[in-house]
Every structure is written in C-alpha cells, then in structure tokens.
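Asker: Mind having a look at this structure? Questions to follow.
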Amino acid sequence: SEEMMKFTVDDVEIAFPKFISSQIYEKLKDIIGDGKVTRGNIVTLLLSIMQLADSYTHVTGVQKKAIVLDCLYRIIDDQIDDDTERTDLKLLVSLTLPNVIDNFVRLDRRQLRINVQRCCGFGTFAKR
C-alpha cells in the first residue's frame with residue numbers, strides 16, 4: 001500500500017498519498033526556478049499548485065486541498081531561512097488560503113458569483 005501523509009486543515013486531519021505531494025512539489029520547484037515564495041506571489045503559487053493537483057483524479061477534493069497546503073508549507077520551509085518571516089508566511093497560509101482554495105473551487109464550478117457593484121462598499125468608487 002502507498003505511503004500516506006497527514007495534514008490538518010480547519011482542525012481536521014486529512015491523509016493523502018505522499019508520492020502525489022512529492023511529484024507536485026518537484027514540479028513546483030521547476031515552476032519557481034530561481035524565484036522565491038513571498039506574500040506577493042503566494043496566491044499565484046497557490047493557483048499553480050491547485051492546477052497541478054487537479055490532474056490527480058483519484059484523490060478527493062479535500063485531499064487535494066491538503067496536498068496544496070502541504071506543498072506551500074514545504075516550499076516556505078525550504079526557501080525561507082529567517083524564522084520570523086517563515087512563521088509569518090505560514091500564518092498567512094493557514095489563516096487565509098484554505099478559504100481562498102474553497103472560493104477558487106466554487107468559482108471554477110460556477111457556484112460563486114461575485115457582485116462587484118455591491119461587494120464590500122466598492123460599488124460607490126466604481127461609478128465615478
């Protein structure tokens with residue numbers, strides 16, 4: 001049987017095949033090249049990982065979410081030497097990206113419509 005890894009998302013422990021996470025992580029390193037993960041590019045990286053994970057049809061959506069987050073944590077651990085910066089980036093990932101993943105998936109499935117006119121009070125600025 002294949003080796004499983006565990007990742008906790010929203011207080012739920014999710015098991016997923018380790019080899020998938022490793023394969024995606026290797027592809028991710030190719031995508032990044034000499035670049036570095038930052039607050040500014042983390043959502044772009046997230047989307048890249050989600051696209052890579054989506055091609056694995058035999059794992060569940062929840063497993064894919066865990067794989068995506070696991071890969072982000074691994075790239076942060078590998079690239080960021082400064083403890084404070086690493087902790088801050090991981091906190092950003094854990095607090096915001098699980099929700100961002102869910103919303104990207106819902107957008108992709110056309111289950112989420114964004115009403116720009118009324119969203120967050122920005123409609124008043126858009127009319128000027």
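Asker: Leaving out ligands, DNA and RNA but keeping every protein chain, what accessible area does residue 62 have, in Å² rounded to the nearest 10, with a 1.4 Å probe?
Answerer: 80
Asker: If you don't mind, there's one more thing I want to ask. If I fit a long axis through the Cα atoms of helix 61-79 and take the longest principal axis of the Cα atoms of the chain, what angle between them do I get, 0 to 90°, rounded to 10?
Answerer: 80
Asker: Whole-Hz Karplus ³J(HN,Hα) for segment 18-26, in order, using 6.51 cos²θ - 1.76 cosθ + 1.60 and θ = phi - 60°, x for Gly and Pro?
Answerer: Result, rounded to whole Hz: 4, 5, 5, 4, 5, 4, 5, 4, 4.
Asker: Just want the answer: with Cβ charges of +1 for Lys and Arg and -1 for Asp and Glu, which residue in 47, 95, 84 is farthest toward the dipole's positive end in segment 1-121?
Answerer: Sorting the options by dipole projection puts first 47.
Asker: Okay, next question. For residue 60 and residue 8, calculate 0.36 nm times their separation in residues minus their Cα-Cα distance, and state this gained length in nm to one decimal.
Answerer: Taking 0.36 nm per residue and subtracting the Cα distance, the gain is 17.2 nm.
Asker: So how much slack lies between residue 102 and residue 90, counting 0.36 nm per residue of separation and subtracting their Cα-Cα distance, in nm? Please report the intermediate quantities before stating the final value.
Answerer: On the way: separation 12, 0.36 × 12 = 4.32 nm, distance 1.81 nm.
Residue separation times 0.36 nm, minus the Cα-Cα distance, leaves 2.5 nm.
Asker: Further question: How tilted is helix 42-54 with respect to the longest principal axis of the chain? Cα atoms for both, answer in degrees (0 to 90, nearest 10).
Answerer: Tilt relative to the chain: about 60 degrees.
Asker: In percent, what relative contact order does the chain have, based on Cα pairs under 8 Å that are 6 or more apart in sequence?
Answerer: It comes to 22 percent, rounded to a whole number.
Asker: Sticking with this one: Specify which labelled value, from [x] 28, 20, 14; [y] 44, 17, 11; [z] 20, 17, 14, agrees with semi-axes √(5λ) of the Cα gyration tensor in Å derived from the coordinates of the model shown.
Answerer: Here the calculated entry is [x].
Asker: Order of 2-8, 75-81 by packing, highest average Cβ count within 10 Å first?
Answerer: Result, highest mean Cβ count within 10 Å first: 75-81, 2-8.
Asker: Would you mind checking the tilt of helix 83-108 against the longest principal axis of the Cα atoms of the chain, expressed as 0 to 90 degrees and rounded to 10?
Answerer: It works out to around 70 degrees.
The values are calculated or read from the model by the stated rules, or taken from the named source; none is laboratory data. Predicted, not measured: the structure shown is a model, and the values here were computed from it. FYI the Cβ positions are ideal-geometry reconstructions off the backbone, even for glycines, and counts take in every protein chain you see. Ligands, DNA and RNA are excluded from the accessible area calculation, which covers all protein heavy atoms including side chains. Shrake-Rupley method; radii C 1.70, N 1.55, O 1.52, S 1.80 Å.
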